[in-house]
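Notes follow the structure.
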């Protein structure tokens, strides 16, 4: 039995695949944009919500902050202008930003067609989109939705600011947009807002599997981690071609390039294919094995806590190279076993 493919997240905690541009699709009237919810509280036990969003050039939502919610922005297509605390940057594909609680921020998708990936913790915050928006039945984005956004949602926004931890900052004097700094190529300390330039930051290699984290759980009070997981079929076999079971950590794998294969112990001895644009959600406790089935595979991993990125980091070797090497590095089975034990991850060789 293969992993089931859905157009919207199923009810409850189960593993599944979401097809390209699918998900629970919501548009805010007049925004010319769409949010596609891939996983939220029902699928992650309240921990996180993961979504993609797309829009053509439209008005920014306004400067605001959250008392409890953590926010991230990760660009996949086009350009995003983001005010984040005392900085403002123009973000392109692969650029990342983290907005912790209490930080004033404001995103505007510059177009002509921009796509982003987002995560918010706790997962219930995504109910804000459900409250102020409406179901979208179109193909990509409602480019010709010329309704007056303010008039359409004004009353709902007055209620939403109290119900959904959205606090608007009137008469705010924002910082000017500025060039990226060299310091925005490293991960900062815990709780700091930051921008991270595409394809920078630390990189670890476990055998032939690279982890390139955008944010580690240690930076956001243990709530989530986000990393680019990269590998290749040319390595023949990787340390992740085994059963791995994370008892409390949900994984959301969004395939950016190439072909990923997954096998779930709960689904029997059958590999499922996850293609570019698709999303694989694996619920906590569901043992899985991964196989990188094309010459280059790049998957963005969103985890509720310390997930697969920490296995690669702690059992692997930090490297200075920016792309996958032609040959996999050697790795120690005993070290991998010890790391999995420390993280509480169950591991077992495939039969």
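Out of 293, 151, 284, any idea which swings most in a Gaussian network model of the chain, alpha carbons joined below 10 Å?
The residue that fluctuates most here is 151.
Going by how many other Cβ atoms sit within 10 Å of their own, how do 288, 73 line up, fewest first?
73, 288
Express in whole angstrom the spacing between the alpha-carbon centres of segment 210-225 and segment 104-118.
After rounding, the separation between the Cα centres reads 22 Å.
When the helix-only estimate is applied to the chain (DSSP H runs of n ≥ 4, each -39,500 (n - 2.57), divided by the residue count), what is the mean residue ellipticity at 222 nm, nearest 500 deg cm²/dmol?
The per-residue figure over the chain is -3500 deg cm²/dmol.
Determine the relative contact order of segment 199-252: mean sequence separation of Cα pairs under 8 Å and six or more apart, normalised by residue count, in whole percent.
29
Measuring from label point to label point, each 7 Å out along Cα→Cβ, what is the residue 171 to residue 236 span in nm?
7.0
Note the angle between two axes, namely the Cα long axis of helix 333-343 and the longest principal axis of the Cα atoms of the chain, as a number of degrees from 0 to 90, rounded to the nearest 10.
Once rounded, one gets 40 degrees.
Roughly what angle does helix 149-163 make with the longest principal axis of the chain, taking Cα atoms, 0 to 90 degrees, to the nearest 10?
That helix lies at roughly 60 degrees to the long axis.
What number, in percent, do you get for the relative contact order of the chain if the mean sequence gap of Cα pairs under 8 Å and at least 6 apart is divided by its residue count?
18
Please compute the Cα-Cα pair-distance distribution of segment 1-83 with 10 Å bins starting at 0, giving whole percents from short to long.
Taking every Cα pair in segment 1-83, the percentages come to 14, 42, 33, 10, 1.
Order these by the 10 Å Cβ neighbour count, fewest first: 157, 234, 1, 91.
1, 234, 157, 91
Provide, in order from the shortest bin, the percent of all Cα-Cα pairs of segment 5-185 in each 5 Å bin, continuing until the bin that contains the maximum pair distance.
1, 8, 16, 21, 22, 17, 9, 4, 1, 0
In units of 2.2 N^0.38 Å, what is the alpha-carbon radius of gyration of segment 135-232?
1.57
Starting from the Cα of residue 20, step 7 Å toward the Cβ, then list every residue of segment 76-102 with an amide N under 20 Å from that point.
It comes to 76-79, 93-94, nothing else.
With the Cα gyration tensor of the chain in hand, give its eigenvalues times 5 under a square root as the equivalent ellipsoid semi-axes, listed largest first in whole angstrom.
Semi-axes from the Cα gyration tensor: 34, 22, 18 Å.
Using the beta-carbon distance between residue 1 and residue 221 and R0 = 30 Å, what value does 1/(1 + (r/R0)^6) give for FRET efficiency, to the nearest 0.05?
0.20
Just to confirm my numbers, what's the Cα centroid distance between segment 1-53 and segment 283-314 in Å?
19
If you rank 271, 331 by fewest surrounding Cβ atoms within 10 Å, what's the result?
271, 331
Every number here is computed from the coordinates shown, using simple stated rules; none is lab data. The shown structure was predicted, so the numbers you read here are calculated from the model rather than taken from an experiment. Neighbour counts are summed over all protein chains in view; Cβ atoms, including those assigned to glycine, are modelled from backbone coordinates with ideal geometry.
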